[in-house]
Amino acid sequence: MTTARSNSDISTRPMSDRPSVAIVGAGVVGLGIGWRLAAAGCRVEIFDKGEAGRGASHAAAGMLAAGVEVEPGEEGQLPLNRHSQDLWPGFAEELQAASGIDVELRTEGTLVVALNADDVARLRFNFDLQKSLGLGHEWLTGSEVKRREPYLHTGTAAAILSPRDHQVENRKVALALRTAFERAGGRLHENAPVEEILVEGGRAAGLLPAGGRPHRADVTVLAAGAWSRGIPGLPDDARPPVRPVKGQMAALRMDPREPLLRHVVWTPGVYLVPRRDGRLVIGATVEERGFDTDLTAGGVMSLIEGAWRALPGIEELPIDELWVGFRPGSRDDAPILGPSALDGLVLATGHHRNGILLTPVTADAVSDYILTGRIADVIRPFGIDRFVKKAAPGRPQSGKELP
């Protein structure tokens with residue numbers, strides 16, 4: 001099994017030669033990179049417009065679903081997702097040692113259930129694709145599914161079991177990363193929106209926090225999630241094409257001693273994620289509505305109804321929480337990682353629905369690039385240069401097209 005790399009292995013560069021780093025964004029991505037760099041001896045400061053870990057990191061469900069999320073046309077991201085998934089057990093162990101916080105990595109696996117004949121046909125199509133990719137998924141009959149999860153609907157027809165797709169408690173991941181970062185000597189600036197990326201002599205020179213003095217750094221990391229594109233001061237060819245993808249979510253309250261569900265379950269339209277404390281997270285809508293924070297009757301109804309169809313017993317459960325989050329979606333819904341067109345500016349954004357899953361590989365690969373200048377092969381396909389418009393053969397380059 002692949003394990004997360006220890007901080008002592010991250011670079012051979014002398015401690016006195018470590019760069020100073022300013023990071024925009026204190027979600028799990030920014031905090032993870034900051035932790036790695038601070039532990040390696042860098043002076044690291046993170047700036048966030050709100051509280052650390054309260055954006056998409058707080059809104060997520062914490063699924064590590066490299067396998068069941070594979071759909072036609074998305075196979076290119078599978079190696080990155082699988083690599084990060086393999087890092088998670090070692091990463092969770094190291095993070096707990098550094099922070100004292102258990103991030104609740106659960107390894108029961110994930111079920112994708114079919115409730116009728118049409119669902120079975122779609123499920124079989126996906127199963128054949130995933131089987132061809134060597135994901136090790138298992139086909140379960142309705143009775144086999146019910147033996148694993150007896151409270152599922154009596155008409156459950158079949159399911160795919162993905163034994164390697166697990167979950168973590170994402171809110172505890174964010175808290176653990178914050179704690180580990182600060183214990184490693186990093187400085188966190190909350191409620192400190194960035195007014196501008198400073199550019200001097202054709203390179204990023206740090207940032208200007210609202211109401212503060214310029215903060216200069218050797219390297220600036222843009223890890224502001226769905227807000228990354230709108231940070232002022234960036235030249236057009238360095239501005240990542242990232243947009244907010246709204247998601248409404250709900251949580252119900254189960255009896256933790258007798259939960260209705262033990263596996264993560266995907267059912268047509270929704271997913272259900274049981275927590276150790278009895279919370280049952282239900283998600284999520286996918287809406288192109290910008291930064292619209294409104295919960296809607298239709299959105300919440302679709303979540304509850306979709307969950308009820310698979311797990312009828314939820315009608316007796318109290319509602320614990322309703323919320324909205326914003327996934328950072330890129331043009332191809334894959335992350336944007338590594339150097340930008342602006343010297344000194346490094347990108348770590350656009351993770352869409354895989355921010356928690358990709359936290360370990362992002363933290364390791366981006367921090368390694370900052371320390372050594374090497375771009376890890378696993379993230380090489382995910383640079384911002386893939387969005388640059390290529391000139392036709394025999395014709396001059398006409399410009400770059402990123403937004």
Which of Gly142, Pro19, Met301, positive extreme of dipole for the chain (C-beta unit charges): Pro19
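Using the Cα gyration tensor of the stretch 125-174, with a ≥ b ≥ c the square roots of its eigenvalues, what is the shape: rounded (a/c below 1.5), prolate (a/b larger than b/c) or oblate (neither)? Could the numbers behind the result be given before it?
On the way: a/c = 2.85, a/b = 1.19, b/c = 2.40.
Oblate, because a/c is 1.5 or more while a/b does not exceed b/c.
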Most to least accessible of Trp308, Trp88 (protein chains only, probe 1.4 Å): Trp308, Trp88
Rounded, prolate or oblate (a/c below 1.5 giving rounded, otherwise prolate when a/b exceeds b/c) for the chain by Cα gyration tensor: prolate
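Equivalent-ellipsoid semi-axes (√(5λ), Cα gyration tensor) for the stretch 204-264, whole Å, largest first? Before the final figure, lay out each step's value.
Numbers: eigenvalues 331, 50, 25 Å².
Whole-Å semi-axes of the equivalent ellipsoid: 41, 16, 11.
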In Hz, Karplus ³J(HN,Hα) per residue of the stretch 313-328 (6.51, -1.76, 1.60; θ = phi - 60°; x = Gly, Pro): x, 5, 5, 8, 8, x, 7, 9, 6, 10, 7, 10, x, 10, 6, x
Normalised alpha carbon radius of gyration of the stretch 93-163 [divisor 2.2 N^0.38 Å]: 1.43
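Taking the Cα centre of the chain as origin, work out the dipole magnitude from +1 charges on Lys and Arg Cβ and -1 charges on Asp and Glu Cβ, in debye rounded to 20.
Working: 46 positive and 51 negative charges, 131 e Å.
Dipole about the Cα centre, nearest 20: 620 debye.
By DSSP, what percent of the beta bridges with both residues in the chain are antiparallel, rounded to the nearest 5? Don't skip to the end; give the middle numbers.
Details: 48 of 67 bridges.
Around 70 percent antiparallel, to the nearest 5.
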For the stretch 189-201, Karplus couplings with θ = phi - 60° (6.51, -1.76, 1.60), whole Hz, Gly/Pro x: 10, 8, 6, 10, x, 8, 7, 6, 7, 6, 10, 9, x
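Based on the Cα coordinates of the stretch 175-301, what is the per residue volume of their convex hull in Å³? Let's see the in-between values first.
On the way: hull volume 22.0 nm³, N = 127.
Value for the stretch 175-301: 173 Å³ per residue.
Would you calculate the convex hull of the Cα atoms in the stretch 20-147 and tell me its volume per residue in Å³?
Numbers: hull volume 20.4 nm³, N = 128.
Hull volume over Cα atoms, normalised by residue count, gives 160 Å³.
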With DNA, RNA and ligands ignored, accessible area of Glu258 (1.4 Å probe; Å², nearest 10): 130
Percent accessible area from carbon and sulfur atoms, the chain, protein chains only, probe 1.4 Å: 50
Long-range HN-HN contacts of Asp343 with modeled amide H, under 5 Å: Ala204
5 angstrom amide H check on Arg289, placed H, neighbours 5+ away: Lys246
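Can you tell me the accessible area per residue over the stretch 281-383, all protein chains present, probe 1.4 angstrom, in square angstrom?
Values: 4050 Å² over 103 residues.
For the stretch 281-383, the per-residue accessible area is 39 Å².
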Peptides 125-131, 381-387 ordered by average Cβ neighbours within 10 Å, highest first: 381-387, 125-131
Rounded Å value of the spacing that divides the Cα centres of the stretch 72-99 and the stretch 28-63: 16
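What is the chain's relative contact order, in percent, from Cα pairs under 8 angstrom and six or more apart in sequence?
Numbers: 936 pairs, mean separation 89.8, N = 403.
Relative contact order comes out at 22 percent.
Ranked from highest to lowest mean number of other Cβ atoms within 10 Å per residue, what is the order of the peptides 104-112, 229-237, 21-29, 167-175?
Values: 104-112: 20.6, 229-237: 16.3, 21-29: 29.4, 167-175: 23.8.
In decreasing order of mean packing, 104-112, 229-237, 21-29, 167-175 become 21-29, 167-175, 104-112, 229-237.
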Magnitude of the charge dipole, the stretch 217-307, Cβ model with Lys/Arg +1 and Asp/Glu -1, debye to 20: 340
The chain - mean residue ellipticity at 222 nm from DSSP helices (-39,500 (n - 2.57) per run, n ≥ 4, rounded to 500): -8000 deg cm²/dmol
Area accessible to solvent at His83, 1.4 Å probe radius, in Å²: 70
Relative counts (whole %) of C-alpha pair distances in the stretch 104-223, using bins that are 5 Å wide: 2, 9, 12, 12, 10, 8, 6, 7, 8, 11, 8, 5, 1, 0
Separation of the Asp102 and Asp128 label points, Cα + 7 Å toward Cβ, nm: 4.4
Amide H within-cut-off set for Leu317, under 5 Å, with H built and near neighbours excluded: none
Estimated Rh, the stretch 259-321: Kirkwood, alpha-carbon pairs, angstrom: 12.5
Candidates Gly155, Gly41, Gly247, ranked by Gaussian network fluctuation over the chain, Cα under 10 Å, top entry: Gly155
FRET efficiency, Glu305 to Asn116 (Cβ-Cβ, R0 22 Å, nearest 0.05): 0.90
Electrostatic dipole magnitude of the stretch 249-403 [Cβ: Lys, Arg +1; Asp, Glu -1; Cα centre; debye, to 20]: 600
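The values are calculated or read from the model by the stated rules, or taken from the named source; none is laboratory data. Quantities reported herein were computed from a predicted structural model and do not represent experimental measurements. Using ideal geometry, Cβ is built from the backbone for each residue, glycine included, and neighbour counts are taken over all protein chains shown. When the accessible area is computed, the model is the full protein with side chains, heavy atoms only, and any ligands, DNA or RNA have been set aside. Shrake-Rupley method; radii C 1.70, N 1.55, O 1.52, S 1.80 Å.
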